[in-house]
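Comments concern the structure below.
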Amino acid sequence: MKLFGTDGIRGIVNEFLTPEIAFRLGNVLGNMVDKKIFIAKDTRASGDMLEEALVAGITSAGVDAYKCGVLTTPALALITRLENAAGVMISASHNPPEYNGLKVLMRGYKLPDDIEERIEREMEKIRYCEYKSVGKVIEYDFASEEYFEYIKKQYSFLDLSGIKLVVDVANGATYKLNPQILEYFGAKLEVVNDRPDGFNINRDCGSTHPENVKKILLVVKLLFCTMEMEIDVYL
C-alpha cells in the first residue's frame, strides 16, 4: 500500500491512517535522525491518538519526542529549522475532521520524494533500541511563543493600525495564534470560527467555504456605509 501522497500520509482516521502507521513512522524516523523529533498537531480529535502513537515509535527507537501541542505547520517548520531537527505535523490541512495526516519536515522543509519512498520501505520493519536508550518525552510548551517572537522580529516594520480584518480561523490550529499576531501589529479583528471542539475543524468554514466570510464582510461594509464612514476591508 502506498502511504505517502503529495503532502505526506493523509486519509480517513482508523480506515487508512491508523495508530500503527503513526507508530511505524515514528520508529523509522527515530532510527534515521539524532537526538530529537518535534511533533505538532491541529485541533482534530484524532490528533491526540496519533501523537501518542508517534511518540511511542520515536522513543522506542531511542530518540526524544518534543511535543509542541496545537501549532501551525509554518510554526513547526520554523522550529525544526532553528533546532536543526526533524518534525512531524499531524494535520490534514483543509480536509474535514474525519481526515488526518502525518507530514514529515526536516530542518524546515518537506522531504523529497525519494526520502519518503525510503521511509515507506523502512516502515515494513520495526527496530527497537535497548532499554537503557529509550527516548524521553518533552513537553515543548513554548513552541507558539518561540514562533510569535520570531514573527515579531522579522516583521518589526509592520503596522496594521487602522486596518479592520475579518479572520476565519476555521476552528483549526491558528485559532489562537493568528489573532494574537495580527492584534500585536495593531489590526482590529472580527474573529470567526474560533471554538474548536475536535470535530468542527473546516466544517462550513475556512478556505473551502469563503462565502461565509463574504457575508460577514458585506454586513460590515453595509453597517459602515450606513454610518457614512469609509472602510477598507482586507482579507
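Details
- Only residues that are surrounded by 14 or more Cβ atoms within 10 Å (Cβ to Cβ) and in a loop (DSSP other than H, G, I, E, B) were counted in the range 109-127, giving 3.
Residue-by-condition table, conditions (1) more than 23 Å from T208 (Cα to Cα); (2) in contact with a Pro (Cβ under 9 Å, 6 or more places away or on another chain):
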{"residue": "I9", "(1), (2)": "no, no"}
{"residue": "L29", "(1), (2)": "yes, no"}
{"residue": "E52", "(1), (2)": "yes, yes"}
{"residue": "V70", "(1), (2)": "no, yes"}
{"residue": "A85", "(1), (2)": "yes, no"}
{"residue": "P96", "(1), (2)": "no, no"}
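- The range 143-183, subset hydroxyl-bearing (S, T, Y) and under 21 Å from the mean Cα position of the chain (by Cα), residue surrounded by the fewest Cβ atoms within 10 Å (Cβ to Cβ): Y150
- Test: N193 is in contact with a strand residue (DSSP E or B) (Cβ under 9 Å, 6 or more places away or on another chain) and surrounded by fewer than 18 Cβ atoms within 10 Å (Cβ to Cβ): no
- So Y140, is it outside the structural domain of A77 (by TED's automatic domain parsing) and surrounded by 13 or more Cβ atoms within 10 Å (Cβ to Cβ): no
- Of residues in the range 10-49 being within 14 Å of the chain's Cα centre (by Cα) and in a strand (DSSP E or B), the one farthest from A86 (Cα to Cα): R10
- Tally, over the range 86-108, of residues that are surrounded by fewer than 21 Cβ atoms within 10 Å (Cβ to Cβ) and more than 15 Å from G5 (Cα to Cα): 6
- Selection status of P96, farther than 17 Å from C68 by Cβ, without any contact (Cβ under 8 Å) to a residue 40 or more places away in the chain and not aromatic (F, W, Y): no
- Within the range 16-30, being of a type outside the set (A, V, I, L, M, F, W, C) and in contact with a Gly (Cβ under 8 Å, 6 or more places away or on another chain) holds for R24, G26, N27, G30.
- Close pairs from the range 111-126: first within 15 Å of G8 (Cα to Cα), partner of a type in the set (V, I, T), Cβ under 8 Å, at least 6 apart: L111/V104; L111/I119; E116/V104; I119/V28; I119/V104; M123/I21; M123/V28
The values are calculated or read from the model by the stated rules, or taken from the named source; none is laboratory data. Keep in mind the model is a prediction, meaning the values are calculated, not measured. All Cβ positions, even for glycine, are placed from backbone atoms using ideal geometry, and neighbour counts span all protein chains on display.
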